[in-house]
1. Which entry is the computed P(r) over Cα pairs in 10 Å bins from 0, in percent for this structure: (i) 13, 36, 34, 16, 1; (ii) 13, 40, 28, 13, 5, 1; (iii) 16, 50, 30, 4, 0?
2. What FRET efficiency do you get for Asp7 and Val50 if R0 is 22 Å and r is their Cβ-Cβ distance, rounded to the nearest 0.05?
3. In nm, give the distance between the simple-model label positions of Glu86 and Ala43, each being 7 Å from the Cα along the Cα-to-Cβ direction.
4. Per the helix-only calculation at 222 nm, which mean residue ellipticity applies to the chain, given -39500 (n - 2.57) for every DSSP H run of n ≥ 4 and division by its residues, nearest 500 deg cm²/dmol?
Amino acid sequence: MQGTTDDSVDVGVPFADVLMAYADAAVRRDGDLAERRAAVESALGAEAVVDAAATVANYQRMVRIADGCGIPLDEVTEQASAEWRESLGVNEYYSALNTYGEEVAAPA
């Protein structure tokens, strides 16, 4: 889990650095998205670019639906995930406002 927010953690996935850089660029709409896409193709092939793009798009779709609905965590999930949400800083994400309301500070 720590590898999702800390690039120095080895997540045990081949080419994770290339895939994470692509996903970050796609989500953040960085100017280097084309370069990151080319890096995925160079390392893993054209089919992997399609798979990576589909994965990013699907994740974004699910998150946007949940955010739009304001789906709160159920009590069991909230308690079970409290430690890792804190350690990863997830509670500080702006979209956490959709789950927790005003007690989460909006980013500066």
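No value in this document is a laboratory result; all are computed from the given coordinates. Keep in mind it's a predicted model, so treat the numbers as computed, not measured. Glycine also receives a Cβ, built like all others from the backbone with ideal geometry; neighbour counts cover every protein chain displayed.
1. The value computed from this structure is option (i).
2. Working: r = 24 Å, r/R0 = 1.10.
Between Asp7 and Val50 the formula returns 0.35.
3. Modelled inter-label distance: 3.3 nm.
4. Rounded to the nearest 500, it is -20000 deg cm²/dmol.
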